Each structure stands twice: as structure tokens, then as C-alpha cells.
1. Hey, does region D:49-56 have a residue that's free of Cβ contacts under 8 Å to residues at least 12 places away in the same chain and acidic (D, E)?
2. Of all the helices (runs of 4 or more DSSP H) wholly in region D:108-224, which have at least 1 residues that are within 23 Å of B:R86 (Cβ to Cβ)?
3. Taking C:E269 as the residue in question, decide whether it is assigned to a strand (DSSP E or B) and not aliphatic (A, V, I, L, M).
4. Restricted to region D:80-107, and to residues that are part of a helix (DSSP H, G or I) and at the interface with another protein chain (Cβ under 7 Å from one of its Cβ atoms), which residue is nearest to B:C135 (Cα to Cα)?
5. So, C:C180, is that one touching a residue at least 40 places away in the same chain (Cβ under 8 Å), within 14 Å of chain A (Cβ to nearest Cβ) and touching a Ser or Thr at 6+ places or on another chain (Cβ under 7 Å) or not?
6. B:D27: among the acidic types (D, E), out of contact with any Cys (no Cβ under 9 Å at 6 or more places or on another chain) and crowded, with 23+ Cβ neighbours inside 10 Å, yes or no?
7. Can you confirm whether D:E207 is surrounded by fewer than 24 Cβ atoms within 10 Å (Cβ to Cβ), within 30 Å of B:P125 (Cβ to Cβ) and of a type in the set (D, E, K, R)?
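The values are calculated or read from the model by the stated rules, or taken from the named source; none is laboratory data. Computed from a predicted structure; not experimentally measured. Cβ coordinates were reconstructed from backbone atoms using ideal geometry, including for glycine residues, and neighbour counts include every protein chain displayed.
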Amino acid sequence: MKKDPKGVLIGSHYLSGNQACAEGALSAGCRLLSFYPIMPALEVSERFLSRAKQVGATFIQMEDEISALAAVLGASWTGKKSMTVTSGPGLSLMMEHLGLGVMLETPCVIVDIQSVGPGLGLPNRPSQGDMMQARWGSHGDYEIIALAPSSPQEMFNFTIKAFNLSERYRVPVAVMSDEYVAHLKEEVVIPPANEIEIEPRRYYEGPKDRYLPFKRDEDLVPRMVDIGEGYKFHVTGLTHDDRGYPIMNEECQEYNVHPLVRKIRNYVENIVEVQETHVEDAEVIIISYGATSRAALKAMEQARSSGIKVGSLKLATVWPFPEKRVAELAKKVKAFAVPEMNFGQIVLEVERCSHGNANVFFVHHGEKGVENTDNILSAVKQAAQQNTVKDGIIECE
Amino acid sequence: MSLIITAFAQGIEKSGIKPAEVCVPSDIPFEPDVVKQLGIDYFHTIRGRAIVFGTGLKLANLALKVVPVVGDLMTLGGNHFVHASRRNMELLVICVNNFIYKKIGGKSIPSTSPVFSLYSTFEEPFNIPHLGNSCGAIYTARWTALHTDEIAISIAEALNKRGLSVIEILAPGPDYYTGINNINSDLVKFYHENSEIKNNEDPRNVGITPEENIVVGKFTDKERPTFIDVYNAQLSKVIGDKFTPYGPVQTSRSGAGLGTGQNESGGKNG
Amino acid sequence: MKANPKDVLTGVHYIDGDVASGYGILAAGCKFVAGYPITPSTETAETFARVAPKGNAMFIQMEDELASISAVIGASFAGVKSMTITSGPGYSLMMDAIGFGAMLESPFVLLNIQRGGPSTGAPTKTGQADMMQSRWGSHGDYEIIAISPDSPQELFDYTIKAFNLAEMYRCPVMIMSDECVGHMTEKVVIPPAEEIELEPRRLYDGPPSEYLPFKPDDDFIPKMAKAGAGYNLYISGHVHDERGYPVINEKFKSVYLRRLVDKIRRNKEKIIELKEEYTDDAEVIVVSYGISSRVAVRGIEKARKKGIKIGNLRLVTVWPFPDEKIINLAKTTKAFVVPEINHGQIAFEVERCCHGKANVVLVPHSGAGVHNPDDIYDAIVLAAKEKKKIEGIVEYKTKLEKLVFEGDYKLKE
Amino acid sequence: METLKTKKMKEVHPMENVLRMDRIPHIWCPGCGIGLAVTAFAAALEKAKIDLNKVAIVSGIGCTGRVAGYVKLDSFHTTHGRAIAFATGIKVANPDIKVVVFSGDGDLISIGGNHFIHAARRNIDMLVICVNNFIYAMTGGQVAPTTPLAVYATTCPFGSVEPPINIPYLADSSGAVYVARWTTLHIRRLTNSFIEALNKKGFSVVEVISPCPQYYSRVNRLGDGLDMMKFYHDNTEIRHGEDTKNLDIGFQSKIIMGKFIDRERPSYTERFD
């Protein structure tokens, strides 16, 4: 798709995470937002709507989240970068079409502003309870990419990154933010358009009658065309071959579904982005993502000043999970401390990847406020004294 | 207490039905004390599913009077409304149509009329009585929140009808967190002053447009066999005497009675 | 409490899994089933629709899956046992309401006859790729119970068990079967009613004025009351306190939400059911569930003939996951072989619980068919030969994968 | 005796440029009406004088859901009931595309009902072709929202107990600008309806009454496809402009056909600019 710098609002602004997300989308060239209003994700759509006219973007408020994502998928095939924004309950309704997006290998971005669940939960309280859902929520086997921003600036950057990844790997990408970051107001610096990397759509060039919608390149990613260009292509949610025609047998299932997993798993190293601080000499490493890493980094400094060698591993990409890195670090450190605003999700992944080489402490975070470090500190202290590796996750209150 | 709740209470009283038998699944939050005062059972369901939740309640125990009070009627729940009307489920659907949807920051919902919406919306509103009527609802009415007496009467009437009734109440802007009790009084006055009562008007003429007055009143009041009527008739026709009609159970408090009309099948020792 | 003779079709039947499950629903005293047609689970709904009048039960085909499950939760609060039946795509649609059901602690059963995914996938073929979804599919933190039967007989037995678990722990219980078992026709023995033990609902029987809908007993599980029985219930899908009222205070998580996960995690030992053979001194252990465990048997027997000390651990209850069991076995065995019809879901759980003490070999399968037993056998041999510890999961390359991706294979329609 | 020399001509299917010949033969049973509906649609595409490159077709799930796979346009076979939502996305993102939704009654009216009424209300510019065979055929004959009372289906083994829905009335009351109904017997009129609707701006609905010999006619002892055609011949009546509330279809009752609604309303994309 053509570069369209109209959306870039150059300069330094004082924005909430939600607004920054909308700006990020517009800067990334997103020109269609399809959504259903839900707390606490409203400001994203509000910002997008207020800027839509001048940027030349379209939006539609659908009747529910199911159709919101369906419309995004349809729109994406016209060549418009498209996204939807929601919160827990909406994400649950989107699960079927997340699967369709994976199967049609449709680039699109889903922004999830997590609030406390399950059910109606608490729409105005932050949480990180949808992390596993982002990975496993739809039926069938697939891999997905999920990013976790921890500040308005990152909301801006990661939204752009999300669009780039989804175009690069042709997979729906989830931006897993939370109510705290979404409503946090901070300075956001928006660089000029020419400093923003935009991943172009992988278009097919070649004779129209030769186009195969699911013929894969070397890196297992097929190429796209737009609706209305005369390619007369067919795509289906059924198990299909290169032509996009359904074939219902074991071989085709393998041929179709295995690459969906492989096209991500084979390139985990290219996709994952982690931010490390003081890991070289650390005996305890705090693994965190999203809002919790704000407290995690503070806790690290405090612990260091009180003489405990603590490092931090901040996950920018949560899915695919940085298995290798965690496994390496596990051999070097005594323990990991994993603060999360849920009852233990990513910590299970950490336990899996540490292969019994390090203790894994779970910190139930957020009770005393998102920026509060008490629980993390006490966990870190406990972890530093623990010299033998225990079985399973050690929960500390 | 808010106008609607008052009217609701009066309606139940007029209808002569025990409040204890009234179940209200709703996607609008009620204050606990309101529920206590009404003496009903209240379920705060997920958005848009109040009607189907109610369908489950009703079919599992036909003795219940199920009254879904819905804000999201035509958005997520639109399809459920259509099909419940078609089946003629014994439900009284009260649609609190709050035009500007404060709950979600003033965005347009399907029943939002362009003039009233904060954001200019490119969408015309649903004509709820017409849609309900066309799908087979047996009782449709529309009032503004200030027509408390009329609402009460409508509720009393509808509660004693057998089938799906829908009462649309124009009550601008209940706020999500303070729930159903907080109504934008100026706007509702405005509606009230610009409304005219036309009972038995053909529902297809009662669409809400910026130009004309809001038509309120009782539009449909007909009889149709309910889902259960047809079910029992059909099955006894086909199966014959061996078929025991699917009937109501006494709402016994201690008798566990897991099962409909089949108390012996349930855990007495529950 | 015993089953009601009117509901039990006692005798020896030759039926497929879907039908067996339909009979199981009736025998369990379930009085309300809402469903929506979806291959390959429809036969269960059809069966129940046929037999429902016998037990004065109601089957209704709703307009979609969202409606079905919401109605089921409603019925469960009206005091009857209720369930819904679906497959992959419908299951995804139900996710919102499943979390809602967990939040309301409403007892109900959900039968998922898994098919080839993702999306529409291969509707008429088998799969086991919804396992993680059943645990993590809805937003927020919650715990559910998932059972995975491997034969029509088990589909009957465990449908009943599922209802018992649901009533006991007041949470959604998933029967995660698959197309193969669902459409497999075998002998199914239905015992007389007096041999079928049913769990009665935990009903509150005190003065209505003192009833607190979410006040837990010692085992973390609150008692229920029926709607319309004068309890003046206030049930909210928001985070709520013992009265059911919405709470927004600092304790909301640690106190009220915590119990939703704790009531399962702390009762784990009572819930989990496993089938083991020769695991104590095994050098390799096959961990499997559902149809894969039927297929695995052949690979296992072949390996045993070859003199490999091989154990067999079958997960009947998949969720909650038997962490302790795997942790302990990992200390005595060399490797686990995990055949499943997906590209690694339960295998990750096994890896997690191994803590690097044993290797984990995954025998994957994309679905629309079952494993070739020789793949499982080869994987076992490979695992038995391996001397050193390997970090992470070893993905075994199946014959199917080689066939499709190596050499110039042409897909046949 | 000398033999006549005839030049071998290449066989060309008349519909070749609008159908995916490499997908033929199709999956539909003998006597099924969907094929006829597709033929009518294909003919309409050719006669409608529209740029076929700019037409996209979206289907849901079910027998009719497979149509997208046989029509040589940009075609999408999506999830159950969400065809209209998917199509809405296409239309809103690129108003130059003419979107056709070709699906069944269960898909569009049961699970997809909400999207149906909302797209009609918004007046999204698309043509919705709803093939109504009174049953869920793909999954083996379950009751549909269009199934007439007392009709036997696998999920109502004692006869259907739900009154069927009146699709034109629903479309009308939710704001569709063009509503017509024909049976698969009336191909010429059906084709003309398609052409009209393709050139109409706004949400147009064409209901196509179609036989399902396998799961509807057989189960309810109505004979095969041909018998249904005979029935359509004897028991249909054309009443253009008939009030949509009189269009209920009972079991083997008279079927009223024709163009019922043809009005103007600003479409969503028009209002948007």
C-alpha cells in the first residue's frame, strides 16, 4: 500500500495511552477503524473519529464486536490497513474471527485494553488477565503476535510496530494494553513521517490469471492482492490449498495448518523484542510486561540500592514468548520474579522455559496500585535468599 | 427512586403478581437497594444477552415471570429480540431506550436519533415497536420516562399477557455507574413535551424522526399461541397420551426439584 | 442421590459417541439443553431432542451459540441441570458467556466435539486443538474443569460425571471430546438407574432473609438458591461480594476473584482422574488424552514387545492439569512422549511440569485425522535412545509431514 | 461412401467467464435449487453491464455458503452468519466495490440476523441474496427460523414448534430499499430482479425459495426436486408491491412472489461524506 504521511501528527504531545494508540494507528497508515464502544477503550475510537476527516480515514461503529472484527478483515482485503479496539468482553466475542483472520492470513491489528474479568468484571480497573486468551482464545491451532506497551509513548510505537508485524507475517497482531496505561497521560513524541518505518504490504506481482492466494514464499508467508483489481481470487475459512479452494483431507490439513504455526515459530528470533537492564550480574531477574514493568524497574533500582543484584527483563513482545532468552538466563540466575496483574499466566511460561534451573516467584501485582513496588521487593528479597531450586511456582503475597 | 423503577413497582403491584416470582435479567445495573425494595430476583447479565438469559430462566421454570430490562436491546441483542418475538417467548421486554448513550461516552447506538446524538451519526434509528410487531411480538408500547402512570398500566397489562411483550421507554442517558436511576431530566422533559399519544397507531408509522413529534402509546395488543403452547400441542399430537405436557412447577423453596415438573427426579436431600 | 429410572435407557446399546452422550445427558437428570447445529456435534443435540420428552426435559435450538449458552446459564439459575453442545467455531462464540458463567459460579456442562481448525477448518474431521482454549479462552482469570473421554462408553459415563462435577464445584465443566470418538460406534452399556450416582445441587435451606448467594462453605463453594423462590437474589456479572453486590474496593481481587480460581486449585486432588499403567519404573512415559490415547496404545504395545520399559499416563481430567503427578514422574523417568492432534498444547504443560528433569517429545498432528501409530512408536524409541537432556520440546517429524512437505507431493481433492 | 469431415470445435460453457469451471462439478445434491439461483445470478452478472472486476461476493456457511467458491469474482467464504458484517467492511473501506452477499436462510436470518437488520438499517449498499430452503441442509436437516410449523427436522423430531419468520417483512421493517421474492422455478423474473438490485443503491434483499429434496422434501414426503417445481408452478402467485406483512409462508401454502419494496434512502457511505 502507498505511504500516506497525512496521519502523522509531528511534535511532542501530552496524550493518554488510548489517544497515543489512535495516533500510532494513523501514523502507521491505518485508514479504517471498525469498533463497538466499550469501557475502557473509548478514547481510542474518539481520537480516531475526531481525526478521521482530516486524515481521510473511515470508521464504522458496528452492532457488536463480532461484526467489528469481521468488518476489519473484509476491509483489510481492500488494501486499507484496518484495526479494531476493544476490551476483555469484546475480545472474547472476537475469538471466532481471530481464527478466521489467522486462516485467511489477513493483516489486521486488535487493540485490547485489558480490564478486570471474567464476565463483566470491573470495566474501570486495570488487569492483565487476557494474556493467555490472546494466544489460545480461538479454536484450532495457530500462532499469533502480541505486544505489551507500558507507557503512552510505547502505545504509539507498538501500535505502529503491530501494523508492521501484521503486514510482514500476515497474521492478526494484538496490542495487549491495560486500563492503567490506556488512561495514563504522558508526553508522547511523534517523529516526522520519514523517520517512521512502515512495512509495505506483500503484494503479488505477476500475471493476473496466475495468482494463487495461498502460494507461500520461502518464509512461508503468501502474497496478497486487493479486491477489485481483477484477480478474481477465492479465499475460504475451510482447510484449503494454494488456490484457496477447500480440500477436506489429512494431507491438506497438514499442508494448510502446519505453516500457520511455522511461519511464526521459525522466525521467533526476528519477532521477539525484549528490553534488558542489569542482567549481566543479576542473581534475581524480574520478568515483566505492560504496566507492571513500570513498577518492576522501580523495584529493581530500589533492590540494587539495598545491595541485591537484581536485573529486569521487560517483554515488549509477549507472544511469541522469548523461550531461548529465558532459558539462557535461567542457567545464570537464582530466580525469576514475575509480577502480573492476574492469578498467574505468563509466569507459567517462565516456569516452562526455566527448565528447573531457576526458581520462579509469582507476584500477584496491582493490589496496592500499579506503581507500587512492595510486593515485588519482598519477592525479590525472598528469591535472593532461596538457594535451592524448588518444584513449581512459588507464590508470594 | 427513579421514575422507571417507581412505574415498574406500580406495574407489578397492579398486575397482582407476587414480586418474588418476577425475575429481571438486565444489562443495566440496578442498585442493590432498588432490587431489595422491589423484592424481585435480579441478574446483571453480559451485554445484549438479557433476553436469552431470560429465555433460559423461563423455559426452565414456567412459573416465573421474566422481565428482561434491556439497554443494549438493539445492538448486541438485536437478533435475540427478533427470534424471541418470533417464538413468542413469554417475556416482558422493557427497553430503556436512552438515545444518547452516556454509558459509553455519548456514542451512537442503533436507537439514537441523529438530532439527539452528541456525535453526528450517519445512522437512522430502529423503530422498535415496528420491528417487534413485524417479528411477532403480541404487545408493543412506547412511553417517555415521564409517562409513569401509562408505563405502570402497560407493565401491568403486559405481565398478564401470554407471549412476548415489548415496552420501549425513552429515558435519556442513564449513566453506567450510577445505573438506571440517573436520568437526564431536561432531555426527558423535552421528549415528554414533544410527544403525542396515539394508541393503536400502526407501528410502522411510529418511527422517531427529527421533524415530527415522538409518537407514544400502545401500538400492538394481540393474541398468539406462545412457544410452550405450540410445543405442547404439537408433541401431544405426535406422541399421544404418553406425552406429559411440559408444565410449570411450584417454586418450592426447599424441595430441590432439579427438573421441570419432575420433583421426584430432583434431589430432595439437596 | 440416584438417577431417575424414567431418564435412564438401561441396556446394552451399539451407538456412536454423540448418541451415547445424548443418553448420558438424559440419565444425568439434565432438563434443559439449548444448542445450535454444528458439525460434528449435532447428533448429540438430535438425540437429546428425540429423548427429551421421556424425561419431561426441554431441548431448544436457539438462533446462535451466544444465545444457547446464555440460556443455559439462565436455566441453571432457575434450578435445573442444563448444558449446551457445540464444536470449534461455536465454542469460540461462547467464550464471552463462559467467563460470565464462571463469574456467576453457575453449574453447567458444555460438550465440545472438537474438529479440524482453525476457523471453519475441516468440519467433518477430527482435531484436539481446543484444549488450551477450554482453559484460557475467555478474558480474565478463572478456572474450569475439562474432561477428555476416549470412547462412546466413556462419553456416556463422563457426561454424567461432568454434571456431578459441575454441581459439586459450581463451575462450567467442559467435555472435550473429538469427532473420532463422537462418530465412533461401539458397544455402550447403560446401567440401571440405581447404579448411577448423581450429585444433587447444593441448595441453601435456611431462612431466605439470611441467604448470601456467594458465601462459600469450607470448601470454597457457595450454596445456590432457585430464582423465583423468594430469595430476592441479586446476581451480578461484575466483581461481587458475598451478597452478590458489585464491589470496587481494594480487596476485590484477593478476596472475591481469588476464590474463583482457588475453589478449583485447592480441590485439585479431588477432581483429577488419571489412568496409569507401568509408570513407576518406566524409562519412557506416553502422556495422552482423548482419541490419541486410543491410537497411542498400539505404539506402546509395539514398543513394549521391543523391550522398552514404557509407561502409559492417560489424562481423563485435562484441566485442572495434574502438575504434581508429572513433577514426580519426571524425577524417575527419562522422557515423556506426548501425542496430540495439534502442534503442541498439553505438551507445553508437560514441559512446564518437567522442570528439565526429563525430555519431552511431541508427536504433532495438524488434525483431520489421527496419528499413525508407527509415529508414536518411533517417537518412543527415539526418546528411549536419547542419552542427554534436551532443552525444550523435541518436535517429532511425522510421516505425514515428510510426505506433504518433502519431495514433490501433489494434493488430492 | 465418403464420410462428412466436421471441424472439431472447442467446447465452451456459456457461463465460463463468470463461473470457476475448475471447481465444477459442485457439491449440491440432484434436485437442489441453489444451482438454479447461481445460474440466474451468473446470467444477471452478464446482463447487468457492471464491471465484474469491481464486484465481490461474500458467503457464509452452509450449502448456499459454498456459492462464493463457484463464482468467478473476488469471492470470500467466511464464518457462519457473518457474511454481511464482512461485506460491510469491504463496502465501507472501498465504496467502489459492489458487494453481493449470497447465503442461506439459516446463515443470514438465524445466526446472522443481527447483522442483517443492522446492515438494512444503515442501508449499507449491498445486494443480499437469501436462498431459503426452509432447513439447515449442510448439517443434515435441522430446524431453521424459516421452517414452517409442524415440519419434521432432526432437531425437532416431533415437528417444528416455532412460527417461521417472514424475511421480506423483517427486511422491510429494518429499512431495506429493495425487497423481492421468487422461486427457483421463475428463473427469468429472478434474473431480472438480480439485475435491478445490482443496479440499485442501498441494501437490497432478494429471497429465493428453493427446494431441498434431500432434507426437506424427502423427510416431509413432498417428493423430489421436480415435484417441488410442480408445486411452485401451481401454488405461487405474483403480487408486486404487496404489503410485506402478508408474505408468511406456511407448510405447502401458497407462496406470494414479486417485488415488494423499491424505495430510496441515503446509504451509509452517502451519509458518511
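1. yes
2. D:113-122, D:167-174
3. For C:E269, the condition - assigned to a strand (DSSP E or B) and not aliphatic (A, V, I, L, M) - is not met.
4. Taking the candidates together, the pick is D:A85.
5. Here the answer is yes, as C:C180 does meet what is asked.
6. yes
7. So D:E207 fails the test.
Residue-by-condition table, conditions (1) free of Cβ contacts under 8 Å to residues at least 12 places away in the same chain; (2) within 13 Å of chain C (Cβ to nearest Cβ); (3) not β-branched (V, I, T):
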| residue | (1), (2), (3) |
| --- | --- |
| A:K298 | no, no, yes |
| A:I308 | no, no, no |
| A:W319 | no, yes, yes |
| A:E323 | no, yes, yes |
| A:K331 | no, yes, yes |
| A:K334 | no, no, yes |
| A:H355 | no, yes, yes |
| A:V360 | no, yes, no |
